[in-house]
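One structure below.
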Amino acid sequence: MDLSVAPLIVSVAYSFRFRKFASVNKLPQWEKLFNNALILSAILFALDFVFRGGELMKWVWHLYLILLIVIPFRQKELQPLRMFIFAFVPYVAVDFVSDLMEILSNDFFKTNEAYFKSAGTIAFIWFVALLYSQNRQSKAAEKERIKRLHEDELNRAIALRKVELEALVSERTAELTKQKEELEQALEELRNTQSQLIQSEKMASLGELTAGIAHEIQNPLNFVNNFSEVSNELLDEMAAEMDQGHKEEVQQILSDLKKNLEKINHHGKRADSIVKGMLQHSRASTGQKELTDINQLADEYMRLAYHGLRAKDKSFNAKFDADFDDTIGKINVIPQDFGRVILNLLTNAFYAVNEKKKSLGESYQPSVLITTKKRETGVEIKVIDNGNGIPAKVIDKIFQPFFTTKPTGAGTGLGLSLCYEIVTKSHGGELKVETKEGEGSIFTIHLPV
């Protein structure tokens, strides 16, 4: 190595070591000082190069290197680097003495120049070796310090987490205890209401019927009201005619009154039959089978289901039709229960076509058809719609309790399961479904005769 650059190398290495120490130990004033020292080293080297190593630059370097030793030596915060300073001293001393002897006793210097150079080289190597050793020790110490800091932070985090976990466990235990009590109470309430839920679902169809019944009963009531008003007017006319002694006109008015009363009686009986049908549906099933006209039952519930949906959504409109086999006659069923089955299937069919209508708009014509047919093995009833159909992945679940394809709040999932139970268990029949997604569904009831 050319020793002419040695002052630059040792000053830069020396300044770097102090700057790093100041940075790690948060000593900004010393970090700034040794940053300036690095810049000054570069400036001195440039001047030395310009003046081609003149005598003046030699002594400027000596002064600069001595200052680098003296300034940090007595600083308390820099005491950990005292050994590093001592490693720097031999090189500075040998270089200084060598140049001093060259001036004071040139003959002595020339005679021993080789020794001075050897001593300078050794001092330089000693400085570099100690710098390397201290760097390794510093890195090892820094790693150990970081490791200790990490361990301390980890221990603090563990301790803090332990406290948090203990508090969390305590809080969670209290919550679980409270939840256990609430669940026990909820379970007891569930047991108390479970039996009522199925019965409530059986009665839920009453709400669907209400709007349809209101529509059906409105017509006869309108007739009753209208003919009552007309009859009242006729009585006033008859009183006037009687006062005037017009017997023929009185007889004519009496004839009109009789006809009005007959019409009032007819429509009153019609309203009475609708109310009785409603009451029959709303009361609990007796479980007794009765000879029932299935065609009439199906026709009545189709109109009630349609008008019930219309009452909820005035914009809804659908084509509904029936194809009844008149050769069936009356068959033994439980009227209240079987009426609920037909109503539920029809309500679902109207709901399906209404949902499809909302998505497709005017390009789609909703349609629901109910048919009855006498077979060799019994009676077959079908409810057919051209709605969205049932997805294949859930087709096996639709008769399970509490399963529904309707949005949350739109159904309980008990309707079809109750239909299945009434048809299969109460009547010994079969309830099956055929469906094609996007095209519609066919629910088929088969009742043995």
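The values are calculated or read from the model by the stated rules, or taken from the named source; none is laboratory data. Just so we're clear, the structure is a prediction, and the values are computed from it rather than from any experiment. Using ideal geometry, Cβ is built from the backbone for each residue, glycine included, and neighbour counts are taken over all protein chains shown.
Things to note:
- Any hit, region 316-326, residues being at pLDDT below 85, more than 33 Å from the chain's Cα centre (by Cα) and closer than 29 Å to Q288 by Cα: no
- Considering (1) free of Cβ contacts under 8 Å to residues at least 24 places away in the same chain; (2) closer than 29 Å to P28 by Cα, the lone condition that N112 does not fulfil carries the number (2).
- Flag: G389 matches the condition of being under 22 Å from I445 (Cβ atoms) and in a loop (DSSP other than H, G, I, E, B).
- Checklist (1) in contact (Cβ under 8 Å) with a residue 40 or more places away in the chain; (2) buried (at least 16 other Cβ atoms within 10 Å of the Cβ) applied to M83, failing item: (2)
- Looking across region 236-255, the residues that are surrounded by 14 or more Cβ atoms within 10 Å (Cβ to Cβ) and either under 60 Å from the mean Cα position of the chain (by Cα) or not hydrophobic (A, V, I, L, M, F, W, C) (or both) come down to E237, E241, H246, E249, Q252.
- Taken over region 21-37, the residue count meeting the criterion of being in contact (Cβ under 8 Å) with a residue 24 or more places away in the chain and surrounded by fewer than 16 Cβ atoms within 10 Å (Cβ to Cβ) is 2.
- Within region 99-138, the set of residues being more than 30 Å from K58 (Cα to Cα) and either at pLDDT below 70 or not assigned by TED's automatic domain parsing to the domain that holds F88 (or both) comprises Q137, S138.
- So M242, is it modelled with pLDDT under 80 and in a helix (DSSP H, G or I): no
- Within the set P80, P90, the sole residue that is at pLDDT 75 or above and either in the same structural domain as F16 (by TED's automatic domain parsing) or of a type in the set (A, V, I, L, M) (or both) turns out to be P90.
- Hey, E77 of a type in the set (D, E), farther than 27 Å from S118 by Cβ and touching a residue at least 40 places away in the same chain (Cβ under 8 Å) or not: yes
- Filtered residue count, region 70-121, keeping only those that are among the charged types (D, E, K, R) and not in a helix (DSSP H, G or I): 1
- E355 in a helix (DSSP H, G or I), touching a residue at least 12 places away in the same chain (Cβ under 8 Å) and closer than 18 Å to G440 by Cα: yes
- Being modelled with pLDDT under 80 and surrounded by 17 or more Cβ atoms within 10 Å (Cβ to Cβ) is not true of R283.
- The one condition in (1) in contact (Cβ under 8 Å) with a residue 40 or more places away in the chain; (2) part of a helix (DSSP H, G or I) that V383 fails to fulfil: (2)
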